[in-house]
1. Tell me, yes or no, whether segment 360-368 has at least one residue that is within 16 Å of the ligand (Cβ to nearest atom) and either closer than 24 Å to residue 140 by Cβ or surrounded by fewer than 24 Cβ atoms within 10 Å (Cβ to Cβ) (or both).
2. For segment 481-498, give me each residue that is among the charged types (D, E, K, R) and within 15 Å of the ligand (Cβ to nearest atom).
3. May I ask you to list pairs of residues, at least six apart or on different chains, whose Cβ atoms are under 8 Å apart, with the first in segment 562-591 being in contact (Cβ under 8 Å) with a residue 60 or more places away in the chain and the second being outside any helix (DSSP H, G or I) and polar (S, T, N, Q)?
4. Please enumerate the residues belonging to segment 499-528 that are within 14 Å of the ligand (Cβ to nearest atom) and either within 15 Å of residue 610 (Cβ to Cβ) or small (Gly, Ala, Ser) (or both).
5. Considering each of 433, 426, 366 in turn, give the residue that is outside any strand (DSSP E or B), more than 30 Å from residue 272 (Cβ to Cβ) and modelled with pLDDT under 95.
6. State all residues of segment 468-483 that are farther than 23 Å from residue 30 by Cβ and surrounded by fewer than 22 Cβ atoms within 10 Å (Cβ to Cβ); if no residue qualifies, say none.
7. Restricting to segment 263-312, and then to whatever is more than 11 Å from the ligand (Cβ to nearest atom), of a type in the set (Ser, Thr, Tyr) and closer than 27 Å to residue 140 by Cβ, can you tell me which residue is farthest from the chain's Cα centre (by Cα)?
8. Being charged (D, E, K, R) and surrounded by 14 or more Cβ atoms within 10 Å (Cβ to Cβ) is the filter here; which residues of segment 554-584 pass it?
Amino acid sequence: MLDKSYPPAAEMVKSAHIDAAKYDKMYAASVADPEAFWGEEGKRLDWIKAYTQVKDTDFTLGKVKINWFADGTLNVAANCIDRHLADRASQTAIIWEPDDPKETAQHITYQQLHDNTCRMANVLRDLGVKRGDRVILYLPMIPEAAYAMLACARIGAIHSIVFAGFSPDALAARINGCDAKVLITADEAPRGGKKTPLKTNADKALLHTKDTVKCLVIKRTGGQTTWTEGRDFDYTALAQGAATTCEPAEMNAEDPLFILYTSGSTGQPKGVVHTSGGYLVYAAMTHQITFDYHDGDVFWCSADVGWVTGHSYIVYGPLANGATTVMFEGVPTYPDASRFWQVCEKHKVTQFYTAPTAIRALMGQGKEFVEKCDLSSLRLLGTVGEPINPEAWNWYNDVVGGGRCPIVDTWWQTETGGHLLTPLPGAHATKPGAAMKPFFGVMPVVLEPTTGAEIHESPTEGVLAIKDSWPGQMRSVWGDHDRFEKTYFSDYKGYYFSGDGCRRDADGDYWITGRVDDVINVSGHRMGTAEVESALVAHECVAEAAVVGYPHEIKGQGIYCYVTLMNGVEPTDELKKALRGWVREEIGPIASPDLIQWAPGLPKTRSGKIMRRILRKIAENDYGALGDISTLADPDVVENLIDNRMNRR
Ligand code: 6R9
């Protein structure tokens with residue numbers, strides 16, 4: 001069957017930075033001579049000391065190293081702010097749209113961004129933060145989140161953002177994981193008309209960290225908070241007395257810029273480390289080219305800065321390009337399902353970037369919510385976070401884009417720093433559900449899953465790996481380089497293994513088929529099933545738990561939990577409710593189980609390994625394909641689980 005394909009519109013081809021011929025030529029050059037290609041692209045940034053080395057990378061297990069522009073020095077905040085001041089001091093850098101549309105939006109100019117970032121940087125310095133120190137951000141989507149990121153970059157501190165939906169326990173684990181000196185939070189985070197008590201959560205988290213961690217509190221709602229003298233500091237008061245200048249620190253290209261915790265298939269979340277030079281080159285270039293950003297455009301990425309998408313495409317990429325970037329505090333459905341489109345209309349957004357889960361949720365509400373808004377400013381649409389089903393793609397294309405706007409389906413990961421696979425709007429046809437082509441310098445390969453052999457012919461299907469490094473690649477797992485090597489370079493020797501399955505069609509275009517490991521993707525939020533399992537078994541009534549994903553209409557995947565109770569514990573609906581609440585407390589609302597099934601036993605191999613493959617099939621209602629269950633210690637448990645399977649909501 002031929003996949004439907006949409007060629008780029010003639011106007012787009014004419015005005016875009018990259019057309020088909022240019023892509024082919026540049027791509028060929030980028031993989032033939034990465035040194036020369038990236039040596040040139042690195043000049044997008046202002047360097048304090050120019051680099052003479054470009055690429056120094058090795059994917060060999062046991063000696064994995066990734067260095068880019070290693071002898072150059074720069075400051076990331078100066079690249080995102082100061083160098084634009086000569087031409088753009090009064091241009092809007094950030095448009096901030098609050099949760100409640102009745103509250104006034106803010107237009108923050110590059111000059112104001114400079115002054116506020118410097119204030120924050122000086123406050124952090126006064127709190128004792130030095131170059132290389134870690135600072136945790138646990139914040140609403142407010143401009144101060146961007147100031148704090150850039151302030152850290154300005155003084156050479158390393159930020160680590162914890163999404164405001166995470167629980168106190170998850171926050172404490174991250175503070176301890178990177179041994180942070182300061183936690184920056186706010187009184188409350190308004191979202192969808194509700195308020196998350198961030199400071200109260202922070203207080204709980206700080207009970208489980210070193211006493212020396214300081215807490216800098218930003219006033220957002222003015223809601224009541226308790227105060228610990230000597231530990232808590234009021235940002236408003238300190239910022240008033242702080243200077244609006246602060247000399248940017250000269251950092252090495254390979255000095256860490258941020259750590260971002262993300263879920264893997266085993267163990268605790270790992271701290272993905274990104275460094276300064278390569279990351280910023282890659283974020284800036286992908287932002288400009290994938291979204292075809294031009295001066296005067298208004299770019300809106302609806303993600304949260306708690307995720308990598310917010311790092312690269314709300315803050316670092318756009319600001320490095322001197323762009324105007326929208327920062328939205330709210331949710332797509334508040335006050336109603338037309339909010340996204342109202343914001344597009346209000347701020348005359350030209351490029352809009354969101355996740356399939358949001359598109360599906362809004363699609364379900366009906367197109368009236370879109371049609372009542374004037375979306376004529378939109379020129380391009382983007383999606384990220386999970387595979388997009390053709391139905392949602394078509395709705396996005398027809399109803400939101402009015403058939404005029406190319407859709408860039410960008411495949412990438414926390415680990416990759418920026419887009420690796422995506423169509424380019426002026427160069428490539430798009431196909432509903434396909435991530436299409438490698439970005440410049442990216443060498444994707446499809447491997448045979450068991451042998452690891454590279455498959456050269458198309459069409460084909462297998463696992464997705466990358467053959468050589470690109471500047472935005474993560475450098476290590478914070479404090480555990482061994483884990484970095486094992487996680488990404490040991491399954492398929494000599495390659496970076498993405499953890500995703502993919503197919504390449506007859507045209508050579510890439511389609512992501514989803515994770516092949518025990519990572520699930522719930523509403524675009526990445527989660528290890530192991531994390532939910534360990535939360536469940538931490539409950540006194542639970543003996544054992546196995547968690548898998550199952551197809552969910554809106555969320556993409558839902559969380560299906562098989563729970564074996566302690567002897568003598570009554571399996572009641574109240575207990576299910578209690579377990580849901582428990583997981584929300586342990587990890588956060590995003591990990592809330594959708595379905596819990598009581599399992600008197602779990603299917604295990606004789607060596608005691610839970611056979612998740614079988615549990616996944618049961619959750620998916622796909623009993624015909626259970627495969628070989630003869631290696632199970634007790635095959636009868638499978639029948640029981642099938643008989644008592646939970647119905648999807
Ligand atoms: C940027 C981000 C990464 C995982 C990734 C894959 C899935 C992301 C996708 C996609 C299909 C796309 N994913 N983009 N799947 N099509 N366009 O989402 O980072 O949170 O680390 O998640 O998300 O499974 O491996 P992260």
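1. Within segment 360-368, one or more residues are within 16 Å of the ligand (Cβ to nearest atom) and either closer than 24 Å to residue 140 by Cβ or surrounded by fewer than 24 Cβ atoms within 10 Å (Cβ to Cβ) (or both).
2. Listed by number, the list holds a single entry, 491.
3. 562/597; 584/167; 584/592; 585/167; 586/167; 587/167; 588/167; 590/523
4. 499, 501, 514, 517, 518, 523, 524, 528, listed by residue number.
5. After applying the criteria, what remains is 366.
6. If the condition is that a residue be farther than 23 Å from residue 30 by Cβ and surrounded by fewer than 22 Cβ atoms within 10 Å (Cβ to Cβ), then 479, 480, 481, 482, 483 are the ones that fit.
7. Here the residue is 293.
8. 555, 576, 580, 584
The values are calculated or read from the model by the stated rules, or taken from the named source; none is laboratory data. As the structure is a prediction and not an experimental result, all values here were calculated from the model. For neighbour counting, all protein chains shown are included, and Cβ atoms are generated from backbone atoms with ideal geometry for every residue, glycine included.
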